[in-house]
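Worksheet for the structure shown next.
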Amino acid sequence: MGYSLILDTSSKNLVVGIANEKVLKKTQYYAWQRQSEMTVQEINKLMKELEITFDDISEVVLTIGPGSYTGVRIAFTIGKMIALVKKIPIIQMSSLNALAGSEGRVMSVIDARGKRCYVGFYENGISVEKDGIMKNDEIIEYAKNNNYILTGEVGVLGLEEKEVDLVTNMYEVSKLIEKTYNVHEVKPIYLKD
C-alpha cells in the first residue's frame, strides 16, 4: 500500500500530512494568506524526511471547502494536480468534516464573516445534517439543544478555541469515504445564504 498525502488550506491553518496505515509525518500551523507560498514547500519537506517521492503517493486526501475562497483553492488545486498527473484517486471531504473528526456527535464551525459561521453536523465522522451557514448568536444554543460538541473556529462565538489535529482527523475520516477516481468530478464547496 502506498502513502496518503493529506492537504487542507481552507481556513487559517496550513495542514499537510503523510500517512501509511497511520499518520507518519504532519505539519499544521497558522499561515493565513501564506498557504500558497508554503504548501508545496511543506509537502516536499515531509516527503524528504520520509525519504519518499511522488511515485510513492497512492491517494490524496483533501478538503474541498467550505472556508476561505482562496484558501480552499490552494490545497484543492495542488491535490487535484498531483492526482491527475500521478493517476491516483482523491478522497474529498468537507473542511467541516475534517474539523469534526470521526468520533462523537460534533458540530464544527468555520468563521464565514459577517457574524455567521459555516456549520457542519457529524456523528462519528458521518454527516447527519447538510453543511450550512448559521448566525453566530444561534450556534451555541443550537449545539446545546441538539447535544453537539462544538469544535473549530469557536473563538468567534466567544468560546475558547482548542487546536484540532486536522491531519489525524482527515486520515481517520478518509477511511469512511469512497475514493474518487475521476479527478474531474472533484469540485470545491462554496456555501451561500
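A full extension of the chain between residue 182 and residue 165 corresponds to an added length of 3.3 nm, given 0.36 nm per residue minus the alpha carbon distance. In the chain, the ratio of gyration radius to Kirkwood radius, Rg to Rh, stands at 0.96 when only Cα atoms are counted. Kirkwood radius, region 97-193, all distinct C-alpha pairs, inverse of mean reciprocal distance: 14.0 Å.
Taking one quarter of the surface of the C-alpha convex hull of region 1-115 gives a mean projected area of 7.5 nm². Here, region 1-58 has an Rg and a Dmax of 11.2, 35 Å when only alpha carbons are counted.
With q set to 0.28 Å⁻¹, the log10 of I(q)/I(0) for region 73-145, from the Debye formula over equal scatterers at the Cα positions, is -1.19.
Once the convex hull of all Cα atoms in region 30-84 is built, its volume per residue stands at 85 Å³. For the chain, with all protein chains in place and a probe radius of 1.4 Å, 49% of the accessible heavy-atom surface sits on carbon or sulfur. Local charge sum around residue 16 (other residues, Cβ-Cβ under 10 Å, Lys/Arg +1, Asp/Glu -1)? That sum, taken over residues with Cβ under 10 Å, equals +1.
Taking a straight line from the alpha carbon of residue 192, these aspartates and glutamates sit under 15 Å away, with near neighbours fewer than eight places off in the same chain left out: 111, 131. Remark on residue 61: its backbone amide H falls under 5 Å from those of 5, 6, 7, 91, a criterion applied only to residues 5 or more positions apart or on other chains, H modelled at 1.01 Å from N. Of the cross-linked pairs 12/130; 135/179; 26/175, those separated by over 29 Å at the C-alpha level are 135/179.
Relative to the first principal axis of the alpha-carbon coordinates of the chain, what is the inclination of helix 136-145, with its axis defined by its Cα atoms, in degrees from 0 to 90 and to the nearest 10? It works out to around 90 degrees. Taking the charge dipole of the chain about its Cα centre, with +1 at Lys and Arg Cβ atoms and -1 at Asp and Glu Cβ atoms, the residue from 132, 81, 64 reaching farthest to the positive side is 81.
The values are calculated or read from the model by the stated rules, or taken from the named source; none is laboratory data. Since we're looking at a predicted model, the values are computed, not measured. Glycine also receives a Cβ, built like all others from the backbone with ideal geometry; neighbour counts cover every protein chain displayed. When the accessible area is computed, the model is the full protein with side chains, heavy atoms only, and any ligands, DNA or RNA have been set aside. Shrake-Rupley method; radii C 1.70, N 1.55, O 1.52, S 1.80 Å.
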